[in-house]
Amino acid sequence: MVIILKQKHEQRQLDNLLKWLSELNLKTTLVKGEQSTILGLIGDTSIVDIDMVKAIDIVESVKRIQEPFKAANRKFHPDDTIIDVAGRKTGGGNFTLIAGPCSIESREQILDIAVKVKSCGAAMLRGGAFKPRTSPYAFQGLRAEGLELLHEAKKETGLPIVTEIMNVNHIDMFTNVDVIQVGARNMQHFELLKELGRLDKPVLLKRGLANTIEELLMSAEYIMSGGNKNIILCERGIRTFETYTRNTLDLSAIPLLKELTHLPVVVDPSHATGISRLVKPMSLAAAAAGADGLIIEVHNDPAHALCDGAQSLTPESFADVVGSLNGILPALGKNEIVPKLG
Ligand code: PEP
Ligand code: MN
């Protein structure tokens, strides 16, 4: 971190600042130029509140040289992290497909979809039991009953399950869930992130609707600093002025995240676009941009889905996406998706 001081400052003010920084265990180097005085900080600057430094009367400006995230930073962990969920690997060249309905609606629905996405090559089954809906009058998910049905689908197919948590008090209900999803709306639910940090269970952390890449990594840092290093990041589109799509898929976030962090990055083209016919091109684009996998909404009857039908693929169109992905994955140095018969 570099602090540029205002031209006019008293020695007493500078001494106070130096004392405060040394109390934070930071070493300082002072460069006095003709026009300005620059203070270089050496040490763990991740604990420094940049806004607090900016507010100091003799400070002109502050610049971070090092990223504020440590555990997630590729600089300190150059190798890709591979998340292993019951033998299904994500990251480090392993490409994973997670598929299933937006929400679990009935036993027949989730079992039928689970069998179909598995046969297409999905490695994990997604399905929401607790749904974050904009309207309180919209279907909120089957909650505990939904989780039970998801477990049934896991038993039936052997697919590990991925489902969203919204409430810290629900953590015990997620004990047998394979991957806990933190949705876009809860990316900065810090108390929830801290509790997930105490677990030894993979977390699929989605980027918030209006959050920066650094904020996503800082949320990952919340979980990792608690001890849980099993995180899969998810780019799921951000809010922009565009209205033709539900969100705008930030494709550039994929290679950027791959540079900044060792954590795997998957993409959700369903929520990113909100339009089922855009899911295939965006899936291919995400793979080409370096994604480690995709999480895709698939429904056996999208027209009657209780949630997100417009963006849901039929099992047939999902199979078509898998076929096209297999056309490019080997060229990208990734494994092909293997459909599972029977
Ligand atoms: C979901 O996956 O169904 C969901 C609600 O996603 P997001 O949090 O990305 O909106
Ligand atoms: Mn959804």
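The values are calculated or read from the model by the stated rules, or taken from the named source; none is laboratory data. Just so it is clear, the model here is predicted, and its values are computed rather than measured. All Cβ positions, even for glycine, are placed from backbone atoms using ideal geometry, and neighbour counts span all protein chains on display. These area figures cover heavy atoms from the full protein model, side chains too; ligands, DNA and RNA do not enter into them. Shrake-Rupley method; radii C 1.70, N 1.55, O 1.52, S 1.80 Å.
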**Message:** closer than 24 Å to residue 294 by Cβ and either in contact with a Gly (Cβ under 8 Å, 6 or more places away or on another chain) or modelled with pLDDT of 95 or more (or both): which single residue out of 210, 138, 144 fits that description?
**Reply:** 210
**Prompt:** When you look at residue 195, is it away from ligand 2 (no atom under 16 Å from the Cβ), open to solvent by 10 Å² or more (accessible area, probe 1.4 Å) and either under 24 Å from residue 270 (Cα atoms) or out of contact with any Phe, Trp or Tyr (no Cβ under 6 Å at 6 or more places or on another chain) (or both), yes or no?
**Reply:** yes
**Request:** For residue 216, indicate whether it is modelled with pLDDT of 95 or more and either open to solvent by 30 Å² or more (accessible area, probe 1.4 Å) or in contact with a Ser or Thr (Cβ under 7 Å, 6 or more places away or on another chain) (or both).
**Result:** no
**Request:** Go over the candidates 197, 208 one by one and state the one that is touching a residue at least 24 places away in the same chain (Cβ under 8 Å), among the small types (Gly, Ala, Ser) and within 13 Å of ligand 1 (Cβ to nearest atom).
**Result:** 208
**Request:** Name every residue in the range 308-339 that is touching a strand residue (DSSP E or B) at 6+ places or on another chain (Cβ under 8 Å), within 16 Å of ligand 2 (Cβ to nearest atom) and not in a strand (DSSP E or B), in order of residue number.
**Result:** 308, 311, 312, 314, 318
**Item:** Cβ pairs under 7 Å, 6+ apart, first in the range 57-75 and over 28 Å from residue 12 (Cβ atoms), second in a loop (DSSP other than H, G, I, E, B) and open to solvent by less than 20 Å² (accessible area, probe 1.4 Å)
**Value:** 72/263; 74/262
**Fill in**
Taking the range 1-47 and keeping only residues that are within 15 Å of residue 61 (Cα to Cα), charged (D, E, K, R) and modelled with pLDDT of 90 or more, one is left with 6
**Prompt:** Which residues, taken from the range 308-320, are farther than 20 Å from residue 118 by Cα and either at pLDDT below 95 or crowded, with 19+ Cβ neighbours inside 10 Å (or both)?
**Reply:** 308
**Message:** I'd like the full set of residues that are assigned to a loop (DSSP other than H, G, I, E, B) and either open to solvent by 30 Å² or more (accessible area, probe 1.4 Å) or at pLDDT 95 or above (or both), limited to the range 59-74.
**Reply:** 64, 65, 66, 67, 70, 71, 72
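The rows are residues; the columns are (1) within 23 Å of residue 323 (Cβ to Cβ); (2) crowded, with 22+ Cβ neighbours inside 10 Å; (3) within 16 Å of ligand 2 (Cβ to nearest atom).
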{"position": "52", "(1), (2), (3)": "no, no, no"}
{"position": "76", "(1), (2), (3)": "no, no, no"}
{"position": "79", "(1), (2), (3)": "no, no, no"}
{"position": "94", "(1), (2), (3)": "yes, no, no"}
{"position": "104", "(1), (2), (3)": "no, yes, yes"}
{"position": "125", "(1), (2), (3)": "yes, yes, yes"}
{"position": "128", "(1), (2), (3)": "no, yes, yes"}
**Request:** Specify the residue that is most open to solvent (accessible area, probe 1.4 Å); the eligible residues are those in the range 148-184 that are in contact with a strand residue (DSSP E or B) (Cβ under 9 Å, 6 or more places away or on another chain) and of a type in the set (D, E, K, R).
**Result:** 154
**Item:** Selection count, the range 249-279, where residues are charged (D, E, K, R), within 18 Å of residue 298 (Cβ to Cβ) and within 14 Å of ligand 1 (Cβ to nearest atom)
**Value:** 1
**Request:** Sort out which residues of the range 44-98 are of a type in the set (Phe, Trp, Tyr) and under 24 Å from residue 225 (Cβ atoms), and write them in order of number.
**Result:** 69, 76
**Prompt:** Do we find that residue 259 is open to solvent by less than 10 Å² (accessible area, probe 1.4 Å) and under 23 Å from residue 93 (Cβ atoms) in this structure?
**Reply:** no
**Item:** Check on residue 136, more than 16 Å from ligand 2 (Cβ to nearest atom) and either free of Cβ contacts under 8 Å to residues at least 60 places away in the same chain or farther than 12 Å from residue 164 by Cβ (or both)
**Value:** yes
**Request:** Tally the residues that are away from ligand 1 (no atom under 16 Å from the Cβ) and in contact with a strand residue (DSSP E or B) (Cβ under 9 Å, 6 or more places away or on another chain), restricting the search to the range 280-307.
**Result:** 6
**Per-region count, the range 121-162, residues hydrophobic (A, V, I, L, M, F, W, C), away from ligand 1 (no atom under 15 Å from the Cβ) and in a helix (DSSP H, G or I)** = 3
**Fill in**
residue 181 vs (1) assigned to a loop (DSSP other than H, G, I, E, B); (2) within 16 Å of ligand 2 (Cβ to nearest atom); (3) of a type in the set (S, T, N, Q): all pass except (1)
